[in-house]
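Let me begin by presenting the structure, written as structure tokens, before commenting on it.
All of the numbers you see were taken from the coordinates with simple rules; none came from a lab. The shown structure was predicted, so the numbers you read here are calculated from the model rather than taken from an experiment. Note that each Cβ is placed from the backbone with ideal geometry, even for glycine, and that neighbours are counted across all protein chains shown.
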């Protein structure tokens with residue numbers, strides 16, 4: 001069975017569909033997914049063993065008007081590529097008029113959610129099959145149920161315990177060894193405190209104090225970012241400290257940095273979804289501006305509330321210690337006794 005998935009959303013959207021691929025591959029060994037994503041995230045679907053071909057389209061092309069979009073060279077090229085394959089289903093996870101119409105032009109049954117949000121509610125009339133969204137479920141679980149409904153299998157029950165935030169520990173199907181070899185001596189703490197939206201970032205003063213305290217403990221600190229705006233924000237945090245501001249890395253490079261970290265502190269940004277998928281121990285600062293159904297899901301994370309962009313550094317450090325205490329293999333290396341480390345506790 002070959003299925004085409006349309007998902008030209010952001011990095012978080014792309015990460016959130018991977019657990020459903022794992023479910024489908026478990027139920028149908030011959031299942032193959034071809035995926036259409038924004039060109040910035042072309043690497044991500046390739047990490048999953050159930051994915052065959054990855055087709056890309058520039059985000060600026062998909063943001064054009066409806067008529068000019070389908071007259072664009074990017075869409076013409078994409079249609080020409082798709083004509084080489086025969087699909088049993090096309091499933092639209094983007095949920096707009098343009099994507100729904102595009103899905104309808106593929107010569108097979110098309111499906112999507114019957115309601116996405118107030119702006120995209122009516123586009124579902126173009127699907128042959130519609131799946132109601134369960135508003136009380138996380139987006140990952142919604143997508144798992146949509147694919148299970150269309151492809152006729154039951155969502156597998158997880159044998160994994162819930163993580164520290166009470167979420168089911170789903171399988172994103174990513175093999176960590178493809179990025180770097182994990183080492184028991186990993187020491188670096190990676191901070192992902194930037195976001196394009198100012199309201200999602202941690203207050204500059206609190207973020208600066210966190211960096212300074214971690215450096216004072218003798219911990220290697222890395223500041224990881226993806227977009228230019230976040231890079232400028234983190235550059236100001238690195239000034240006058242021993243923290244390492246990472247360069248502008250490709251997605252696979254970011255994944256390698258995460259896998260080489262003993263723990264992560266992140267706000268609600270796209271990179272937090274990647275950390276959850278890779279099961280890197282993470283303290284996530286949850287903003288009141290991010291719906292619970294769209295936050296990073298699964299993995300090893302502990303969630304703290306971020307109110308008005310603020311979260312005291314002492315609270316963050318305490319949360320890091322609690323998180324790492326659940327992983328005895330590295331807990332002693334992360335928080336050495338003050339006498340042995342030659343430093344005093346700062347919280």
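Which value in nm describes the separation of the simple spin-label points at residue 105 and residue 28, placed 7 Å from the Cα toward the beta carbon?
2.5 nm
Which whole-number percent gives the relative contact order of the range 5-61, counting Cα pairs below 8 Å spaced six or more residues apart? The partial results should precede the final answer.
On the way: 81 pairs, mean separation 21.2, N = 57.
37 percent.
With every atom except the alpha carbons ignored, what do you get for Rg and Dmax of the range 1-59, in angstroms?
Rg, Dmax (Cα atoms, Å): 10.7, 33.
Below 8 Å, C-alpha to C-alpha, sequence gap of six or more: please give me the relative contact order for the range 23-107 in percent. It would help to have the intermediate numbers written out before the result.
Numbers: 69 pairs, mean separation 16.1, N = 85.
Computed over the range 23-107, the figure is 19 percent.
As an exercise, find the ratio Rg/Rh for the range 2-151 from alpha-carbon atoms, using the Kirkwood inverse-distance average for Rh. Mind dumping the intermediate values first?
Working: Rg = 14.2 Å, Rh = 15.3 Å.
Here Rg/Rh amounts to 0.92.
Would you mind computing the Rg to Rh ratio of the range 226-267 from its alpha-carbon coordinates, Kirkwood style for Rh? Each step should come with its number before you reach the end.
Numbers: Rg = 10.9 Å, Rh = 11.4 Å.
Value, to two decimals: 0.95.
For the range 176-341, treating each Cα as an identical point scatterer without solvent, what Debye log10 I(q)/I(0) comes out at q = 0.08, 0.14, 0.15 1/Å?
Scattering profile of the range 176-341, log10 relative to I(0): -0.20, -0.65, -0.76.
Would you list 260, 242, 13, 92 from fewest to most Cβ contacts within 10 Å? Could the numbers behind the result be given before it?
On the way: 260 18, 242 14, 13 21, 92 30.
Listing 260, 242, 13, 92 from fewest to most nearby Cβ atoms yields 242, 260, 13, 92.
So for 297, 172, fewest C-beta neighbours within 10 Å to most, what's the order? Walk me through the intermediate numbers first.
Details: 297 27, 172 23.
Ordered from fewest to most neighbouring Cβ atoms within 10 Å, 297, 172 come out as 172, 297.
Within a 10 angstrom radius of the beta carbon, how do 141, 73 rank from fewest other beta carbons to most? Kindly include the intermediate steps, with their values, before the conclusion.
Values: 141 20, 73 8.
Lowest count first: 73, 141.
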